[in-house]
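Everything below concerns the one structure shown next.
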Amino acid sequence: MKKTLVAGIFASLIAIPVFAAPQTYVLDPTHSFPRFSYDHMGFSKQILRFNKTTGTVVLDKQAKQANVDVTIDMTSIDTGFDEFDTHIQGADFLDTAQFPTATFKSTKVNFEGDKPVSIDGDLTIKGISKPVTLTVTSFLSGSHPMLKKDAIGANATAVIKRSDFNAGMFAPAVGDEVTLDIALEAIVE
């Protein structure tokens, strides 16, 4: 009877589901780049990026919950042309002297199955916060083949208006609508 009781207790402990704790992933600065594009007077679609981004993603795979907190160094704007980098950092556009960073903080991450499909959050540019929904176009979670650590990667898009963030100089000749295209990779530390 004693052996049966011990065996029963042991079997019930094994049957209890193991719940994974949320994991914190730190953005990989060499593979996380917010890009944006806009119409330039109908002649072309300009594509620019920021070279310095930091932040974290907290992901609870079991509960299908996540939290995203990202800071973009607005002085790291990369237009491909140094003089234009300086121009776009001026008060009429990014005003990096007064607002050197922009942030995105999620308020809700929406999942379908095991994958996030959209991220609702607050985007703050030039001290102005607006709600934005990022559509996740790709997502992968797994062991990083080179680092041998748990990693995630995602791409997401959204459309915002420059004028909503007091950066609408030359609109509508230079497009007011800006398409955000974010590439993000993050590693468990």
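Of the residues making up the stretch 29-46, those that are more than 21 Å from VAL117 (Cβ to Cβ), touching a residue at least 60 places away in the same chain (Cβ under 8 Å) and assigned to a strand (DSSP E or B) are PHE33, PHE36, SER37, TYR38, ASP39, HIS40. So in the stretch 117-161, with the set limited to residues that are more than 27 Å from LEU94 (Cβ to Cβ) and of a type in the set (A, V, I, L, M), which one is surrounded by the most Cβ atoms within 10 Å (Cβ to Cβ)? Restricting to residues being more than 27 Å from LEU94 (Cβ to Cβ) and of a type in the set (A, V, I, L, M), the top hit is ILE152.
Just wondering, is there one or more residues in the stretch 65-84 that are of a type in the set (Asp, Glu) and modelled with pLDDT under 95? Within the stretch 65-84, none of the residues are of a type in the set (Asp, Glu) and modelled with pLDDT under 95.
The values are calculated or read from the model by the stated rules, or taken from the named source; none is laboratory data. As the structure is a prediction and not an experimental result, all values here were calculated from the model. Glycine also receives a Cβ, built like all others from the backbone with ideal geometry; neighbour counts cover every protein chain displayed.
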